[in-house]
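Working notes for the structure below.
No lab work stands behind these numbers, since they all come straight from the coordinates. Source: prediction; values computed, not measured. Cβ placement follows ideal geometry from the backbone for every residue including glycine, while neighbour counts extend to all protein chains displayed.
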Amino acid sequence: RLFDLDPDLLPLFQYNCKQFASPQECLSAPEFLDHIRKVMLVIDAAVSHLENLSCLEEYLCNLGKKHQAVGVKVESFSTVGESLLYMLEKCLGTAFNPDVQEAWSKLYSAVVQAMRRGWETLPEGD
């Protein structure tokens, strides 16, 4: 769904200097699947620390800095969020009601806000 929504994101996923010719090639690459697992670990950590997301602040801010360093734009996280909600809707079916959608949207927004602070923080020494 991610590359359907924004095909321009494909070049951001390069591993060992290899550019993928198609979304399908990227989606089947072990490195991309590993990246997806890491994304889901961040989501899992956010769910696990739902009552105290601030404990993840430094980690998420640094994660934002890393994404900025490889050329990811903050706006791209909207597309990732839309893809996440799409996947949840497909997996949960009728259980994905408006309340569930709102809860996931709020959680994802909180994660992105913390990561966004990584863009706003200048590197030390600047």
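Note on the range 1-119: dipole from Cβ charges, positive end direction compared against N97, S83, L12; the farthest Cα belongs to L12. Would the range 1-119 count as rounded, prolate or oblate if I go by the C-alpha gyration tensor, calling it rounded below 1.5 in a/c and otherwise prolate when a/b exceeds b/c, oblate otherwise? It comes out oblate by the Cα gyration axes.
Ordering of 56-68, 84-96 by packing is 56-68, 84-96, highest average first (other Cβ atoms within 10 Å, averaged per residue). Per-residue ellipticity at 222 nm computed for the chain from its helices equals -20500 deg cm²/dmol, with DSSP H segments shorter than 4 residues left out and the rest contributing -39,500 (n - 2.57).
For K73, a cut-off of 21 angstrom between C-alpha atoms picks up these lysines, skipping any fewer than 8 places away in its own chain: K18, K38, K65, K106. Potential lengthening of the chain between S109 and N62 amounts to 15.3 nm, from the contour at 0.36 nm per residue minus the alpha-carbon distance. Using a cutoff of 8 angstrom between alpha carbon atoms and counting only pairs six or more residues apart, the relative contact order for the chain works out to 31 percent.
One decimal place: the segment A21-E89 gains 21.6 nm when fully extended, by the rule 0.36 nm per residue minus the C-alpha distance.
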